[in-house]
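All remarks here apply to the structure that follows.
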Amino acid sequence: MTKIHVERLGKVRAAELTTAPLMLLVGKNNTGKSYVATLLWTLSNLFQVVSSSDEKRPTWWDKFVRTAKNEKAATIELNSERQAALLDWLNRTLASQSSSVLSNAFAYPGFDATRVSLSANEVRPVFSVAITTTETGDSEKKLAFFTGTLSDAEGEPVYRFRMPMLRPNNLVRTSDRIFFEAVCRSAFGPEWSRMRNSVYIPAARTGLMLAFRSLVAQSLDVEDDGRALSLPAPLQDFLQRLAYSNVKVPVERSSLIDWLQRQVLHGAIEASSDEIPAFSYRGEGMDVALPLHATSSMITEMAPFLLVLNGRFSTGVIIFEEPEAHLHLSAQRDMARAIARLVNSGMRLVITTHSDTFLQQINNLMALHKRAEDKEFLSEFGYEGIDLIDPDIAVAYEFS
């Protein structure tokens, strides 16, 4: 677990949050939930910030990179002391760059007074990083690579990055990438493996879905004043991911998608094979698929969630704004069950909501967790074990 400290972020005067597999940000409209949700997305996408930082890296890290360059291989163990040094380095970087980082994330300036820092509230397990030079191919046609590897306490690789040795600066790029991974694992612990590649599903997503192809095209064009379409970074990332949403996904996620489409949508969301896909809805028993603009608001609000689940990159945190939007109460119960099933499959979620009804449904699944062994009781009310949420893996924060 990691504590995130933030001051003067939009509506939020001060907050301290602890990360968890399920984070619930609740409160009235316009109290700062989306600001914090965007901050959480930003913290999982700091590579350019870390690699371009002017903060001096620890001397032991510089020595490690020099050894890798001179001897073609080097390994270093990151104990608690070295991890603390990297976390301190990250906090200094955030202190000097929070304003520019958040301005880029929100697509507008106004964060000069914002302060963000991280702290570890538990002892981090030791891990190691290595940079090696490897070759592949036969004697006539060899290709050499710089390879950066991060391994856990048992020596099992959990991250690997490879760059061909075609250019001298590729060693710098490899060391930058593995340094970023080492910094983030020091900050977030082993949970970092599931935080990477966070995806943000925004509120008001119906408009984004209906204008999807136009927005993607505009984001690639340059306007007369030399600037492309300006959108917050999480929304740009969301639109890009939708373009890669028609791919094969893990079986457990595929079964959840099928369950949601059968239980709530009574049909399926389809994506065309165009370079910029078009989305449609095919109801049960329908011969013709309807364009999304001809469907109900429930369909257009649910579609992005299903498409993200179906995407090849949705392996990290899903930050989901107002999952209850435009859903009937029975559908809200099913959405709560879907969130439980995702968390129980190993994914992490951040949920923002101002619906006490939806939050009650989440709370019911936590209360039912006490009866997890009573199969007959669960069956009586139509629940399964995968629908229950262990309260120990969830945290909730009220914005006032």
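When you restrict to C-alpha pairs under 8 Å that are six or more residues apart and normalise by the size of the chain, the relative contact order lands at 20 percent.
Once you sort the root eigenvalues of the Cα gyration tensor of the range 251-329 as a ≥ b ≥ c, which label holds: rounded (a/c under 1.5), prolate (a/b larger than b/c) or oblate (the other case)? Taking the square roots of the gyration eigenvalues as a ≥ b ≥ c, the range 251-329 is rounded.
So which aspartates and glutamates pass the test for Lys375, namely a Cα distance under 15 Å, with those fewer than 8 places away in the same chain ruled out? Answer for Lys375, where 15 Å is the Cα cut-off: Glu384, Asp387, listed by chain and number. Taking a ≥ b ≥ c as the square roots of the eigenvalues of the Cα gyration tensor, an a/c ratio of 1.5 or more together with a/b larger than b/c marks the range 312-400 as prolate.
What is the percent carbon and sulfur in the accessible area of the chain, measuring with a 1.4 Å probe over the protein chains and ignoring ligands? Carbon and sulfur atoms account for 49 percent of the accessible area of the chain.
Using C-alpha pairs below 8 Å separated by at least 6 residues, the relative contact order for the range 292-400 is 24 percent. Pairs to check: Lys11/Lys370; Lys3/Lys63; Lys69/Lys141. Give those whose C-alpha atoms are more than 28 Å from each other in this structure. Flagged as over cut-off: Lys11/Lys370; Lys3/Lys63. Each Cα pair under 8 Å and six or more residues apart adds its separation to the average, and for the range 130-200 the resulting relative contact order is 22 percent. When the Cα gyration tensor is reduced to axis lengths a ≥ b ≥ c, the ratio a/c is 1.5 or higher for the range 34-186, and with a/b above b/c it is classed as prolate.
About its Cα centre, the dipole of the range 306-351 is roughly 240 debye, where the only charges are +1 on Lys and Arg Cβ and -1 on Asp and Glu Cβ.
Between Glu398 and Ser96, what FRET efficiency follows from the Cβ-Cβ distance if R0 is 30 Å, with the result rounded to 0.05? In this case the efficiency is close to 0.40.
Using the Cα centre of the chain as the reference point, and only Cβ charges (+1 on K/R, -1 on D/E), how large is the resulting charge dipole? Debye, rounded to the nearest 20.
Values: 42 positive and 47 negative charges, 211 e Å.
Dipole of the chain, to the nearest 20 debye: 1020 debye.
Once the Cα atoms are used to define both axes, helix 33-43 deviates from the longest principal axis of the chain by about 30 degrees.
Axis of helix 356-368 versus longest Cα principal axis of the chain: the two differ by about 80°, to the nearest ten degrees.
A simple count of charges around Ala268, restricted to other residues whose Cβ falls under 12 Å of its Cβ and scoring Lys, Arg +1 and Asp, Glu -1, yields -1. Computed over the chain, the P(r) tail beyond 27 angstrom holds 56 percent of alpha carbon pairs. The residue list Leu307, Gln48, Ile389 was ranked by how far each Cα lies along the charge dipole of the chain toward its positive end, using unit charges on Cβ atoms, and Gln48 comes out on top.
Tell me which of Trp89, Val183, Ser117 sits at the most positive position along the dipole axis of the chain, charges placed on C-beta atoms (Lys, Arg +1; Asp, Glu -1). About the Cα centre, the residue reaching furthest to the positive side is Trp89.
The candidates Lys141, Lys56, arranged from most to least accessible area with a 1.4 Å probe in the full protein assembly, appear as Lys141, Lys56.
Applying the criteria of a DSSP loop state and at most 12 other Cβ atoms within 10 Å to the chymotrypsin sites (Phe, Trp or Tyr not before Pro) of the range 317-400 yields Phe381.
For Glu55, the shell of other residues with beta-carbons less than 14 Å away shows a net charge of -1, using +1 for Lys and Arg and -1 for Asp and Glu. A simple count of charges around Ile131, restricted to other residues whose Cβ falls under 13 Å of its Cβ and scoring Lys, Arg +1 and Asp, Glu -1, yields +4.
Using θ = phi - 60° in the Karplus curve 6.51 cos²θ - 1.76 cosθ + 1.60, the 3J(HN,Hα) couplings for the range 168-177 round to x, 6, 5, 5, 5, 5, 5, 5, 4, 5 Hz; x is entered for Gly and Pro.
For trypsin sites (Lys or Arg not before Pro), the sites in the range 292-357 that DSSP calls loop and that have at most 15 other Cβ atoms within 10 Å are Arg312. Comparing Cα centroids, the range 101-172 and the range 1-77 end up 14 angstrom apart. Taking all protein chains together, Glu284, Glu81 sort by accessible area into Glu81, Glu284, largest first [probe 1.4 Å].
Of the residues Pro323, Ile351, His5, the one whose Cα sits farthest toward the positive end of the charge dipole of the chain, with +1 on the Cβ of Lys and Arg and -1 on the Cβ of Asp and Glu, is His5. Taking the longest Cα principal axis of the chain as reference, the axis of helix 297-309 is set at about 30 degrees. Backbone geometry of the range 182-191 corresponds, through the Karplus equation with coefficients 6.51, -1.76 and 1.60 at θ = phi - 60°, to 3J(HN,Hα) couplings of 5, 5, 5, 5, 5, 6, 10, x, x, 5 Hz, x marking Gly and Pro.
For the chain, DSSP calls about 70 percent of its internal beta bridges antiparallel.
How about the range 123-193: which GluC sites (Glu not before Pro) there lie in a loop by DSSP and see at most 16 other Cβ atoms within 10 Å? Provide the component values of the computation, followed by the final result.
Numbers: sites: Glu135, Glu140, Glu154, Glu181, Glu191; in loops: Glu140, Glu154.
The qualifying sites are Glu140, Glu154.
The values are calculated or read from the model by the stated rules, or taken from the named source; none is laboratory data. Here the structure is a predicted model, which is why all the values come from computation and not from measurement. Note that each Cβ is placed from the backbone with ideal geometry, even for glycine, and that neighbours are counted across all protein chains shown. Accessible surface is based on the protein model in full, side chains and every heavy atom, while ligands, DNA and RNA are left aside. Shrake-Rupley method; radii C 1.70, N 1.55, O 1.52, S 1.80 Å.
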